[in-house]
Amino acid sequence: MATWQNKRDAAGRQRQKIRVTGVVQGVGFRPFVYGLALQAGLSGLVGNDSAGVFIELEGTQEQIAGLLERLAASPPPLAVIESIETEEIAVIGTRGFTIVESERKVAANTLISPDMSVCEACIGDFKDPANRRYGYPFTNCTNCGPRFTIIEDIPYDRPLTTMAAFPMCAACSAEYHNPLDRRFHAQPNACPVCGPHVWLARSGVESGTATSGDAALQAARALLASGEVVAVKGLGGFHLACDASSDRAVATLRERKGRVDKPFALMAADLHSVRRFAEVSPTEEALLKSKERPIVLLRKRPSAALSPLVAPGNDFVGVMLPYTPLHFLLLEEVEGVAPVLVMTSGNFADEPIVSDNAEALKRLSSLADAFLLHDRDIAARCDDSVIRVWRDAELPIRRSRGYAPFPVRLPFEAPPILAVGGELKATFCMTKGPYGYMSQHVGDMENLETLGAFAQTVAHFEHLFRVEPQLLACDMHPDYLSTRWALERTAHLPLVHVQHHHAHIAAVMGEHQLHSSEQVIGLSFDGTGYGTDGAIWGGEVLLADYAGFERLAHLRYMPLAGGDVAVKRPYRLALSYLWAAGLDWDERLECVRACSDVEREVLRRQLETGLNVVPTSSMGRLFDAVAALAGVRQVVSYEAQAAIEFEALADPAEAGSYRIEFAGGEMDPRPLLEEALRDVLSEVPLSVVAARFHNGVAKVALELCEWVRLEKGLNRVALSGGVFQNILLLEKMTALLEQQGFEVLAHRLVPPNDGGLALGQALVAAAKFDGAISARYTG
């Protein structure tokens with residue numbers, strides 16, 4: 001205390017040096033502190049550096065304490081404070097409070113804000129005819145707008161963003177340099193005089209004939225109303241847009257994109273428009289209106305506002321509200337009715353979203369009739385996020401715009417690790433200290449285009465977050481492109497291969513901040529994952545912690561004949577599973593009739609000889625097989641289509657269940673297949689068959705967990721894997737487990753599908769880190 005007193009002046013004033021970390025750059029944090037300091041009568045300074053925000057405050061102890069209390073309790077809307085550290089330093093007698101220039105620290109890093117929806121104040125600006133930003137599609141302020149997608153380096157200042165190409169006019173510069181203005185240090189600050197602009201180009205027409213500004217927006221609206229497809233450049237890439245009420249427009253887009261049945265995402269002007277075609281709960285409404293503005297999966301209702309081709313065979317439709325001024329302007333009412341637009345990713349199937357003008361004009365020319373372009377470059381491509389609501393909270397399906405690159409806080413400190421994820425729904429995770437920086441959705445790693453985008457995004461993260469990985473983590477599957485990419489780097493870095501389902505369980509454990517010594521009963525149910533025995537796993541019961549796992553039980557191995565061919569033709573799965581259960585291929589079954597006589601003969605020979613047949617314990621494949629057996633879907637055009645439609649058919653009031661026997665560490669689905677076959681041949685309604693199947697899976701999960709609790713004394717169950725995107729099954733299983741006193745952990749921060757895999761890989765690798773570095777562990 002004596003040392004402190006020596007630092008103070010005769011009036012007892014003190015000076016505190018303060019470090020604030022978190023999402024504190026580009027969110028109006030410095031002007032917020034400036035205003036608080038002026039109100040409190042404090043002198044000092046505030047500034048950005050590559051590690052966050054630094055503050056020096058000089059005044060009485062009461063004045064400083066009051067400011068810090070307000071800072072922690074009510075920061076700016078987009079700020080996320082991780083820590084506030086204070087240190088008393090010597091009083092220097094400064095007068096006034098200043099905002100200083102940003103500093104760069106080579107080894108430091110700070111958290112970067114995701115892109116956020118335009119705020120209400122800015123909406124008021126571009127809708128006000130008297131405002132100088134009236135109708136301007138790039139209106140923003142410190143409380144909203146682009147962040148991650150325009151940042152090229154930290155600290156987050158305009159010269160280090162793609163806005164560097166747009167010198168501010170006098171009016172914008174005055175706002176930018178006024179600490180009391182809402183646009184103080186808003187790095188994307190711009191207006192029609194000095195900022196980016198839009199123009200419309202028709203496919204196959206020379207760019208010199210393009211229209212720009214408001215005329216371009218009017219032309220784009222007219223094209224959409226007439227049933228044409230417009231490629232729209234947004235925050236993190238291009239969308240392909242068309243009129244969602246037009247069968248012709250939606251059919252045209254499906255044909256061009258080669259997207260047979262997979263649902264399209266929609267954008268509606270407001271909640272009133274959404275309620276014309278979908279049910280919206282209070283939680284879903286809050287998500288739709290949130291600053292993140294994800295795509296929210298909503299239950300459809302019959303409506304002429306929506307073509308049935310938008311989401312065929314699906315009870316749900318993905319909807320988002322406008323999140324940029326450009327979107328609001330594009331969705332203006334015509335004759336008193338606001339349009340509803342399909343807004344699907346601007347790419348071909350399985351490729352990364354297109355983000356560059358020249359690339360779009362080249363790659364999307366066969367998909368779009370016109371292009372609504374702008375000249376603000378995109379530094380990081382970033383697709384839309386997708387969320388389902390379960391138990392009045394978020395269940396992520398795709399974590400991207402609005403959420404990435406905000407990290408997941410890890411349950412323990414981790415060294416610098418790069419975990420490269422899996423193959424489908426690819427993301428990666430980069431760890432540093434207490435944070436796991438999850439990348440945005442990259443795409444399916446099944447082609448070189450996605451691999452290239454993946455490598456670019458990794459390099460961008462390494463640069464932004466000042467991470468030099470000391471360890472790599474990947475999936476065990478030898479043929480994944482992500483695994484091969486990681487293997488090419490093992491000359492310089494050790495590599496940990498993480499079993500797919502162990503990574504799933506570790507991810508949900510990490511979300512819930514479990515300590516490194518804690519174990520769980522892990523139920524990992526999905527479509528495909530490479531097992532330690534070379535088989536395809538997917539219906540797994542694990543005793544797991546971060547460092548390792550024991551496979552306690554699994555779905556009985558069933559034959560997967562033809563690999564991906566069988567996955568895309570569920571009738572082959574149904575016939576294979578019937579054969580394995582000793583059940584006849586009855587001609588009355590749709591799955592049998594869908595298979596030609598020649599293919600049946602070939603399939604039977606495969607099953608009898610084992611030629612090109614691999615064993616699988618996949619729960620996802622069991623869903624597909626029974627869905628085909630029931631007559632729901634014989635051929636699929638996108639992943640899990642049969643299972644999604646099967647879920648939608650289930651009667652929630654049906655209490656019956658099919659029997660899955662459990663003995664000797666195996667869940668045997670053969671009794672279930674026999675009972676389902678009997679019901680199908682007896683023409684029991686599909687809704688009943690679907691419900692009995694889901695109930696049967698939930699009941700055997702409870703039986704398994706009770707067995708493990710008895711054997712191992714564990715009471716905590718972690719649920720992960722793509723099957724748990726199925727809300728019906730997730731709710732039934734969770735309710736049964738909780739009724740019997742189990743604690744159930746499910747995903748809330750990262751997806752249960754392979755989009756969350758990288759987080760689990762990173763945590764497993766971190767748990768093995770010391771051994772990996774010393775022994776160059778590779779298995």
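The values are calculated or read from the model by the stated rules, or taken from the named source; none is laboratory data. A quick note: this is a predicted structure, and the numbers were derived from the prediction, not measured. Cβ placement follows ideal geometry from the backbone for every residue including glycine, while neighbour counts extend to all protein chains displayed. Calculation scope for accessible area: heavy atoms of the full protein, side chains included, ligands and nucleic acids excluded. Shrake-Rupley method; radii C 1.70, N 1.55, O 1.52, S 1.80 Å.
Could you give me the ³J(HN,Hα) list for region 273-287, computed from phi with Karplus coefficients 6.51, -1.76, 1.60 and θ = phi - 60°, whole Hz, x at Gly and Pro?
So the Karplus estimates, Gly and Pro as x, are 5, 5, 5, 5, 10, 8, 7, 10, 7, x, 5, 5, 4, 4, 5 Hz.
Among K289, K362, what's the order by accessible area (1.4 angstrom probe), most exposed first?
So the residues, ranked largest to smallest area, are K362, K289.
Just by accessible area at a 1.4 angstrom probe, what is the order of H512, H500, H185 from largest to smallest?
The ordering from most to least exposed comes out as H512, H185, H500.
How much of the accessible area of region 79-172, probe 1.4 Å, is carbon plus sulfur, in whole percent?
54
At a temperature of 37 °C and a viscosity of 0.692 mPa s, determine how fast region 116-275 diffuses translationally according to Stokes-Einstein, using the Kirkwood radius over alpha-carbon pairs as Rh; express D in µm²/s, rounded to the nearest whole number.
Here the translational diffusion coefficient equals 184 µm²/s.
With angles folded into 0 to 90 degrees, how steeply does helix 29-40 sit against the dominant principal axis of the chain? Use alpha carbons for both and round to 10.
It is inclined by approximately 50 degrees.
Please give the helix 619-629 orientation as an angle from the longest Cα principal axis of the chain, in degrees from 0 to 90, rounded to the nearest 10.
Computed tilt is about 50 degrees.
Distance from the Cα centre of region 247-312 to that of region 161-233, in angstrom?
26
Set the Förster radius R0 to 25 Å, insert the Cβ-Cβ distance between V598 and S637 as r into 1/(1 + (r/R0)^6), and round the FRET efficiency to 0.05.
Calculated transfer efficiency: 0.60.
What per residue convex hull volume, in Å³, do the alpha-carbon atoms of region 630-736 yield?
109
Hull surface divided by four, with the convex hull built on the Cα atoms of the chain: how many nm²?
Here the figure is 36.7 nm², rounded to one decimal.
GluC sites (Glu not before Pro), restricted to region 205-260: which are DSSP loop and have at most 13 other Cβ atoms within 10 Å?
E206
At 0.36 nm per residue, minus the direct Cα-Cα distance, what do S517 and L38 gain on full extension? Give it in nm, one decimal, please.
Gain on extension, S517 to L38, equals 167.5 nm.
Convert each backbone phi in region 55-61 into a coupling constant with the Karplus relation 6.51 cos²θ - 1.76 cosθ + 1.60 (shift: θ = phi - 60°), then list the ³J(HN,Hα) values in order as whole Hz, x for Gly and Pro.
9, 10, 10, 10, x, 6, 4
In terms of solvent-accessible area of protein heavy atoms at a 1.4 angstrom probe, what is the ranking of R484, R248, highest value first?
Solvent-accessible surface, decreasing: R248, R484.
Rounded to the nearest Å, what's the spacing between the alpha carbon centres of region 427-499 and region 530-550? Just the number, please.
Taking the Cα centre of each part, region 427-499 and region 530-550 sit 22 Å apart.
Please work out the average accessible area per residue across region 309-460, using the 1.4 Å probe convention, and give it in Å².
Per-residue accessible area for region 309-460 comes out at 29 Å².
Separation between the L681 and A547 pseudo-spin-labels, each 7 Å from Cα along Cα→Cβ, expressed in nm?
Each label point is offset 7 Å from its Cα along the Cβ direction, giving 5.3 nm.
How many nm is it between the label spots at E69 and L448, if each spot is 7 Å from the Cα in line with the beta carbon?
6.4
Computed over the Cα atoms, what is the radius of gyration of region 444-578 divided by 2.2 N^0.38 Å, N being its residue count?
Normalised Cα radius of gyration, region 444-578: 1.22.
Placing +1 on the Cβ of each Lys and Arg and -1 on the Cβ of each Asp and Glu in region 346-409, which of S355, S400, V389 has its Cα farthest towards the positive end of the resulting dipole?
Final value for the positive-end residue is V389.
If we sort 735-741, 403-409, 310-316 on the protection proxy, mean other Cβ atoms within 10 Å, highest first, what's the order?
403-409, 310-316, 735-741
Could you calculate the contour length gain from K7 to R484, that is, 0.36 nm times the residue separation minus the distance between their Cα atoms, to one decimal place in nm?
165.9 nm
Mind checking the per residue accessible area of region 58-158 for me, 1.4 Å probe, whole number of Å²?
Per residue, region 58-158 has 45 Å² of solvent-accessible surface.
So how far apart, in nm, are the two label points at H492 and R19 if each is 7 Å from Cα heading toward Cβ?
It works out to 2.8 nm between the two label points.
My understanding is that a pair violates if its Cα-Cα distance is over 26 Å; which of K712/K732; K257/K362; K291/K768; K233/K300 do that in this structure?
Over 26 Å apart, Cα to Cα: K291/K768; K233/K300.
Pop out the carbon and sulfur fraction of the accessible area of region 526-664 as a percent, whole number, probe 1.4 Å.
Roughly 50 percent, rounded to a whole number.
What order, most packed first, do the peptides 561-568, 579-586, 684-691 have when packing is the mean number of other Cβ atoms within 10 Å of each residue?
The packing order, highest mean first, is 684-691, 561-568, 579-586.
Report the gain in length on full extension from L180 to A164: 0.36 nm times residue separation, minus Cα-Cα distance, nm rounded to one decimal.
3.5 nm
Within the chain, which cysteines find no other Cys whose Cβ is under 4.7 angstrom from their own?
Within the chain, the cysteines lacking a partner Cβ under 4.7 Å are C122, C141, C172, C191, C242, C382, C429, C474, C591, C595, C705.
Report the FRET efficiency, 1/(1 + (r/R0)^6), for R748 and E413, where r is their Cβ-Cβ distance and R0 is 22 Å, rounded to 0.05.
So, using R0 = 22 Å, E works out to roughly 0.50.
Please quote Rg/Rh for region 89-180 to two decimal places, taking the Kirkwood radius as Rh and restricting both calculations to Cα atoms.
1.04
Given a Förster distance of 51 angstrom, what is the FRET efficiency for K127 paired with A735, based on the Cβ-Cβ distance and rounded to 0.05?
The value I calculate is 0.65.
Could you state the accessible area per residue of region 605-732 in Å², with a 1.4 Å probe and every protein chain left in place?
So region 605-732 comes to 38 Å² accessible per residue, rounded to a whole number.
As I understand it, the value is the acute angle between the Cα axis of helix 247-257 and the longest principal axis of the Cα atoms of the chain; what does it come to in degrees, rounded to 10?
With rounding to tens, the tilt is 90 degrees.
Quick check on packing: order 476-483, 347-354 by the mean number of other C-beta atoms within 10 Å, highest mean leading.
So the peptides 476-483, 347-354, ranked by packing, come out 347-354, 476-483.
From the phi of every residue in region 147-162, what ³J(HN,Hα) in whole Hz does the Karplus formula 6.51 cos²θ - 1.76 cosθ + 1.60 yield, where θ is phi - 60° and glycine or proline is x?
In residue order, the calculated couplings are 9, 3, 6, 10, 7, 9, 6, 10, x, 6, 10, 3, x, 9, 10, 6 Hz.
Keeping all protein chains in the complex and leaving out DNA, RNA and ligands, what accessible area do you get for L361 with a 1.4 Å probe, in Å² to the nearest 10?
Its heavy atoms expose roughly 80 Å² to the probe.
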